[in-house]
Amino acid sequence: MNILFVCLGNICRSPMAAGIMKELYSERAIQGIVDSAGVRDWNEGSGADPRAVSVAGRAGVDIRAHRARQIRPDDFRRFQLIVVVDSLVERDVRGQAPPEVQQKIRRLAETDLEDPYHRDEGFYTHTFARIEEGCLKILEDFHL
């Protein structure tokens, strides 16, 4: 299953989510593409936020090679599942998605995953844990 994680600027939540899911795919020998994108182009080409890199690294997830990008129209065709982090991002993604792919869009968690960008590294640790729970739930829900 090809999965795309989407947040606002693609430097915090979605790169951590993609990194976690790539690690889970590797551990479980699951085939598929895992990627991330943002709904805004603010950080196009930038690496993940250093706090995200640090927190992920301590958990054994390497996201140092990540480069931010904005979601593209062909993403709706390439990915079987598009996972959004909060209601704002969901609204933007659903607004861009053709009607026939709306069912591919789902939330990572039942409640919004607050953006850690303006918070300290401790909040990134909290966010990482919530993202990991969401990734494990996806694997469970799709029997992967």
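Filtered by the rule that a residue be over 15 Å from the mean Cα position of the chain (by Cα) and either basic (Lys, Arg) or surrounded by 13 or more Cβ atoms within 10 Å (Cβ to Cβ) (or both), segment 122-141 gives 123, 125, 126. Just one of the numbered conditions (1) small (Gly, Ala, Ser); (2) assigned to a helix (DSSP H, G or I); (3) closer than 20 Å to residue 21 by Cα is not true of residue 95: (3). Within segment 78-101, residues that are without any contact (Cβ under 8 Å) to a residue 60 or more places away in the chain and farther than 18 Å from residue 15 by Cβ reach partners that are part of a helix (DSSP H, G or I) and of a type outside the set (A, V, I, L, M, F, W, C) with beta carbons closer than 8 Å, at six or more positions or on different chains, in the pairs 94/102; 97/104; 101/77.
To keep it simple, each residue is scored yes or no on (1) buried (at least 24 other Cβ atoms within 10 Å of the Cβ); (2) at pLDDT 95 or above; (3) charged (D, E, K, R).
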{"residue": "10", "(1), (2), (3)": "yes, yes, no"}
{"residue": "15", "(1), (2), (3)": "yes, yes, no"}
{"residue": "19", "(1), (2), (3)": "yes, yes, no"}
{"residue": "29", "(1), (2), (3)": "no, yes, no"}
{"residue": "32", "(1), (2), (3)": "no, yes, no"}
{"residue": "42", "(1), (2), (3)": "no, no, no"}
{"residue": "55", "(1), (2), (3)": "yes, yes, no"}
{"residue": "59", "(1), (2), (3)": "no, yes, no"}
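Residue by residue, here is whether (1) without any contact (Cβ under 8 Å) to a residue 24 or more places away in the chain; (2) touching a His at 6+ places or on another chain (Cβ under 7 Å); (3) within 22 Å of residue 78 (Cα to Cα) holds:
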site: 106; (1), (2), (3): no, no, yes
site: 109; (1), (2), (3): no, no, no
site: 114; (1), (2), (3): no, no, no
site: 124; (1), (2), (3): no, no, no
site: 128; (1), (2), (3): no, no, no
site: 132; (1), (2), (3): no, no, no
site: 139; (1), (2), (3): no, no, yes
site: 143; (1), (2), (3): yes, no, yes
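Of the residues examined, residue 70 is one that is of a type outside the set (D, E, K, R), modelled with pLDDT of 95 or more and in contact with a strand residue (DSSP E or B) (Cβ under 7 Å, 6 or more places away or on another chain). Across segment 131-144, the number of residues qualifying as in contact with a helix residue (DSSP H, G or I) (Cβ under 9 Å, 6 or more places away or on another chain) and either over 23 Å from residue 26 (Cβ atoms) or not aliphatic (A, V, I, L, M) (or both) comes to 3. For segment 96-126, a residue qualifies if it is within 20 Å of residue 40 (Cα to Cα) and of a type in the set (Ser, Thr, Tyr), and exactly one does: 117.
Scan segment 76-92 and tell me whether some residue there is surrounded by fewer than 18 Cβ atoms within 10 Å (Cβ to Cβ) and part of a loop (DSSP other than H, G, I, E, B). Yes, segment 76-92 contains at least one residue that is surrounded by fewer than 18 Cβ atoms within 10 Å (Cβ to Cβ) and part of a loop (DSSP other than H, G, I, E, B).
Quick one: would you say residue 11 is part of a loop (DSSP other than H, G, I, E, B) and β-branched (Val, Ile, Thr)? Spelling it out, residue 11 is indeed part of a loop (DSSP other than H, G, I, E, B) and β-branched (Val, Ile, Thr).
The values are calculated or read from the model by the stated rules, or taken from the named source; none is laboratory data. Since the model is a prediction, treat every value here as computed from it, not as a measurement. Methodologically, a virtual Cβ is constructed for each residue, glycine included, from the backbone with ideal geometry; neighbour enumeration extends over all protein chains shown.
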